[in-house]
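Below is one structure, written out as structure tokens; comments come after it.
The values are calculated or read from the model by the stated rules, or taken from the named source; none is laboratory data. Small disclaimer: the values here were computed from a predicted structure and weren't measured. Note: ideal-geometry Cβ built from the backbone for every residue, glycine included; neighbour counts use all protein chains shown.
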Amino acid sequence: MRLRFVSLMLIAFLVPALLLADGGAIKGKVTDQETGKPLAGANVFLKGTRYGSSTDVDGNYTIQKLPAGSYTLVVSYVGYARYEKEVTFEDSAVMTLDVALNRTELISEQVVVTASKSAEKITEAPATIDLITARNIDEHPSANIGELLAYQKGVDYIRTGVLGTGMNIRGFNSAFNAKNLQMNDNRLSTLVATSLPLGALSTTVKEDIDRIEVILGPNAALYGPNAHNGLINTITKDPRTSEGTTFVAGGGNHNTFSGRFRHAKVVNETFRYKASFEFDRGQEFNYVDSVYVGGVAFKEFGLDRDFDSVRGEASFYFSPNPTSDFIITSGGSNSNNLGVTNAGRNQIKDWRIFFLQARYVSPHFFGQVYHTWSITDDTYALNQRTQNYLTFIAAGFPEEEAERRSLHEAWFGSSPDQGIALNREANFRDHSRRWNAEAQYNNTWAGFHVTGGFQWQRDIANSKGTFLLDQAGAIELD
């Protein structure tokens, strides 16, 4: 018993001594002011220095090896008011400071990451940003999150279907718009071959969205030339702040049904994971777009107003230390619906989107690599297919043959025996792929904030010769 007591006394004296050997230290716990629950993943740092940490699953933090002097301690957490306090260290001092944060919906206190690719108050960001918060998303009854963008200043919104939305920033909106860049967790959320936003083909489930940041204006320096009008970045939840299981089911007009599931688990201080899944089905608005042939209007041929889609994502988080995360995420979707373009509607058939992403995030460094690929073989343009079909019917072909050949050909002639079939491709095929890699480092020295980084992207656009000029093979761009 005496030996155990002596050992405990030695530990009690040695641990502080080890901390003090290399300078002072500050430690404490960060909690929710209202509930008292610990806040895991809160950023704790000394302003204007390289010293910082983040809280563990119990809300605890420790910053060590601090030289004597006066500092400003900052604690920030998404959805909470920023906390700042002046602290002074003498040689080898150890300070304990617990912090209780207040929830806030004040825009001036919101923390964003899109404008500079690092956490900062929205009022300090070097660009105008609109923010759709987790509360906005939770209170929105529809599974179509795109509807929330209709309420943001500077965003033009157009409804293209029960699930379809079109939007643009800084004017010149249309239903088929690629003037603004859309991203999910800093990953391009666009089709490889056309750079159009994924929209209803997205892999992200509503219940997994933490917030949506909208940059109003050009941001090509950080995100490339496709961000010349603006940027919409959807950021998903961290299991540390959203642990648990959620299941939602609902229905409504147009025979719609939506079932959504999300599960997140913190296994220990170094490992956590989450998974989400969604199934939607229904029937599009009862609207038929006219196709004009020879000045006569015809109904779209091959129109299917029934839609359905499945989507899902899974993420695994590994934290080698309290301030760094290594994240692997994969997801996919399969969609059947109607897509609106400036030249008529497309019948989307089994269009599949997949991605695999690896990220490393720390207070001063961000790096990621990801691969995105797209597969569809049966999608077709309703306008072109209708025109093709009518040429075969006018020449006296059987309906079954006209239907089959209308995907790829049009008939020029007065009868099956007098005329010629020419290629008029209505079918869309897409087997495109994209690889991306990027890294960014930021730090503050002597009051100057320095940021540097690089980006690399390789696109392999492959329509199998259907809608791109790739008859000789896939188009590769670096």
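For residue 392, the criteria (1) buried (at least 18 other Cβ atoms within 10 Å of the Cβ); (2) closer than 30 Å to residue 474 by Cβ hold in every case but one, which is (2). It is to be established whether one or more residues within region 311-318 are closer than 20 Å to residue 377 by Cα and in the same structural domain as residue 371 (by TED's automatic domain parsing). Within region 311-318, one or more residues are closer than 20 Å to residue 377 by Cα and in the same structural domain as residue 371 (by TED's automatic domain parsing).
Pick out the one residue from 225, 218 that is modelled with pLDDT under 75, at negative phi and in contact with a His (Cβ under 8 Å, 6 or more places away or on another chain). So that I can check it myself, show each step before the final result.
Numbers: 225 fails: in contact with a His (Cβ under 8 Å, 6 or more places away or on another chain).
Of 225, 218, the one residue that is modelled with pLDDT under 75, at negative phi and in contact with a His (Cβ under 8 Å, 6 or more places away or on another chain) is 218.
Somewhere in region 349-357, is a residue closer than 30 Å to residue 454 by Cα, touching a His at 6+ places or on another chain (Cβ under 6 Å) and among the hydrophobic types (A, V, I, L, M, F, W, C)? So far as region 349-357 goes, yes, one or more of its residues are closer than 30 Å to residue 454 by Cα, touching a His at 6+ places or on another chain (Cβ under 6 Å) and among the hydrophobic types (A, V, I, L, M, F, W, C).
When only residues in region 318-364 that are over 19 Å from the mean Cα position of the chain (by Cα) and among the β-branched types (Val, Ile, Thr) count, which is surrounded by the fewest Cβ atoms within 10 Å (Cβ to Cβ)? Only one residue fits best here, namely 341. Taken over region 26-68, the criterion of being crowded, with 19+ Cβ neighbours inside 10 Å and among the acidic types (Asp, Glu) is satisfied by 56 alone. Residues that are at pLDDT below 85 and among the aliphatic types (A, V, I, L, M) were ranked within region 51-92; the one that is farthest from residue 239 (Cα to Cα) is 68.
Just to check your reading of the model, which residue among 251, 259 is modelled with pLDDT under 90, part of a strand (DSSP E or B) and either closer than 22 Å to residue 379 by Cβ or small (Gly, Ala, Ser) (or both)?
Sole residue among the options that is modelled with pLDDT under 90, part of a strand (DSSP E or B) and either closer than 22 Å to residue 379 by Cβ or small (Gly, Ala, Ser) (or both): 251.
So is residue 367 assigned to a loop (DSSP other than H, G, I, E, B), surrounded by fewer than 19 Cβ atoms within 10 Å (Cβ to Cβ) and not aromatic (Phe, Trp, Tyr) or not?
no
Suppose the filter is at pLDDT below 95 and among the β-branched types (Val, Ile, Thr); does residue 375 pass it?
On the way: at pLDDT below 95: no; among the β-branched types (Val, Ile, Thr): yes.
In short, no.
Among the residues of region 19-50 satisfying the criterion of being of a type in the set (D, E, K, R) and assigned to a loop (DSSP other than H, G, I, E, B), which is modelled with the lowest pLDDT? Looking at the filtered set, the residue picked out is 22.
Test residue 426 against the criterion of being in the same structural domain as residue 287 (by TED's automatic domain parsing), under 19 Å from residue 196 (Cβ atoms) and out of contact with any Ser or Thr (no Cβ under 6 Å at 6 or more places or on another chain), and give yes or no. Here the answer is yes, as residue 426 does meet what is asked. Based on what the data block shows, is residue 292 within 21 Å of residue 339 (Cβ to Cβ), part of a strand (DSSP E or B) and modelled with pLDDT under 90? Yes; evaluated as a whole, the condition is true for this residue.
The residues of region 272-287 that are of a type outside the set (Lys, Arg) and under 21 Å from residue 335 (Cβ atoms), listed by number, are 275, 276, 277, 278, 279, 280, 282, 283, 284, 285, 286, 287.
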